[in-house]
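Coordinate-derived values only; no laboratory data. Everything numeric in this text was worked out from a predicted model, so none of it was measured. Note that each Cβ is placed from the backbone with ideal geometry, even for glycine, and that neighbours are counted across all protein chains shown.
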Amino acid sequence: MSHDYKAQQAETFETFDEIGKIDDLPQRAVVNFLFLAEEVDAPFAAAEKALKAAGFATHQDEDGETLEARIGPMEISAAAIWAEEKRATEVALKFGFDPDGWELVE
């Protein structure tokens, strides 16, 4: 089954709009993208290596299921976040990690 990038993009833009209604968004910030492992024995090290090669800083959460990919500080707009989210997603999917949202890091 192929990944639905259009639905993911729509969700990113919707999330951005919702956050903007609650908080003042910074002009620049670090963005943290979250990816969930599809399998218990997911190749975290290989995924992290590929994400780092693409310019992301990575971290494996203590839950053993979530891989984080951070980038920035970068421009904070729905389009800019989506561009980086799509790049990270393209890498993560190759290793069996599904996108699970994003957050701004101060």
*Given only helices, namely DSSP H runs of n ≥ 4 each adding -39500 (n - 2.57), what is the per-residue ellipticity at 222 nm of the chain, to the nearest 500 deg cm²/dmol?*
-14000 deg cm²/dmol
*What percent do you get for the relative contact order of the stretch 28-105 when only Cα pairs under 8 Å and 6+ apart count?*
51
*Filter on Lys6/Lys52; Lys6/Lys94; Lys21/Lys52 - keep pairs with C-alpha separation over 23 Å*: Lys6/Lys52; Lys21/Lys52
*asked:* How would the stretch 23-66 be classified by its alpha-carbon gyration tensor: rounded, prolate or oblate, with rounded meaning a/c under 1.5 and the a/b versus b/c comparison settling the rest?
replied: oblate
*Putting +1 on Lys and Arg Cβ atoms and -1 on Asp and Glu Cβ atoms, find which of Phe13, Val91, Phe35 reaches farthest to the positive end of the dipole of the chain.*
Val91
*Estimated distance in nm for a label pair at Ala83 and Lys49, the labels positioned 7 Å out from Cα along Cα-to-Cβ*: 2.9
*Fewest to most neighbouring Cβ within 10 Å: what's the order for Asp41, Asp61, Asp100?*
Asp41, Asp61, Asp100
_Virtual paramagnetic centre 7 Å along Cα→Cβ of Arg28, amide N under 20 Å, in the stretch 61-92_ = 70-85
